[in-house]
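Novice: Here you go, one structure.
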């Protein structure tokens, strides 16, 4: 196990454990089990000696291939910094050590259930970390990422239509969802897919999608999909534009896409070695 001031000598993703201070013994137990599996685990037990906040150390040291595992018990654990981790495209994994509710800031992420015991479930946690590290969405060019998004949406029951490789028309394709049981109303989205190597979707991207949506009937919705997070200003603008249109604009950002992909290992394998393309910076 290492502290956050050292450098890894392995190419394996580093695992940072975050936990409530009352759960330090639990954290040592989890860290020991991970270490036995050959994982490179970073604990905060030495961080006080460096006179810096543990979260700041992680944000300084972490890379996109690393993972932060948040141990959840009946004790309160700090999750306010998860947004900062998402901005860095870091994989954040809830791990349940007790049957507790997942905090709101961690909603939408698939948790690893370790309530039956650490040793019996540690390999599941290792597999989850390694799956998350195996696919960096920023390495996918625009066309490849668009195909990935279309494939993923189809897995959730959406039919993809109106695809085009011609001039930019303000959206990339449409998706339709028709509930075969008749319990939900059919819904259509125009989908704009944005892939970035370094930048993030701006306010202008949101404005263009909102303007395009205005040219469609009121029962059509807009979906912005990005391989990274929006800037905070762009996210605020999306909420405003969506509210003006009755909540008809939705977002699937990089962290959410990765979380959904983890439920489909075959898609991850399909696109893991997809050819890279030049994309927006």
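The values are calculated or read from the model by the stated rules, or taken from the named source; none is laboratory data. Quantities reported herein were computed from a predicted structural model and do not represent experimental measurements. Cβ: placed from backbone, ideal geometry, glycine included. Neighbour counts: every protein chain shown.
Novice: Across the stretch 230-254, what is the number of residues that are over 18 Å from residue 191 (Cβ atoms) and touching a helix residue (DSSP H, G or I) at 6+ places or on another chain (Cβ under 7 Å)?
Specialist: 2
Novice: Here's a follow-up. Cβ-Cβ below 6 Å, separation at least six or inter-chain, first residue in the stretch 92-104 and touching a residue at least 60 places away in the same chain (Cβ under 8 Å), second not in a strand (DSSP E or B): which pairs?
Specialist: 92/82; 92/85; 95/114; 97/26; 97/73; 97/114
Novice: Restricting the first residue to the stretch 131-144 and requiring it to be crowded, with 19+ Cβ neighbours inside 10 Å, which pairs with a second residue that is modelled with pLDDT under 80 and in a helix (DSSP H, G or I) meet a Cβ separation below 6 Å and a spacing of at least six or different chains?
Specialist: Once the first residue is crowded, with 19+ Cβ neighbours inside 10 Å and sits in the stretch 131-144, its partners that are modelled with pLDDT under 80 and in a helix (DSSP H, G or I) give 135/272.
Novice: Let me ask something additional. Restricting to the stretch 187-220, count the residues that are under 20 Å from residue 242 (Cβ atoms) and assigned to a loop (DSSP other than H, G, I, E, B).
Specialist: Adding up the residues that qualify gives 9.
Novice: If you go through the stretch 164-196, how many residues are closer than 19 Å to residue 140 by Cα, more than 23 Å from the chain's Cα centre (by Cα) and either surrounded by 12 or more Cβ atoms within 10 Å (Cβ to Cβ) or in contact (Cβ under 8 Å) with a residue 12 or more places away in the chain (or both)?
Specialist: Residues that pass the stated criteria total 0.
Novice: Determine whether the stretch 63-73 contains at least one residue that is within 24 Å of the chain's Cα centre (by Cα), part of a loop (DSSP other than H, G, I, E, B) and either buried (at least 20 other Cβ atoms within 10 Å of the Cβ) or modelled with pLDDT of 95 or more (or both).
Specialist: yes
Novice: When only residues in the stretch 228-277 that are in a strand (DSSP E or B) and within 19 Å of the chain's Cα centre (by Cα) count, which is nearest to residue 133 (Cα to Cα)?
Specialist: Applying the filter and picking the extreme gives 252.
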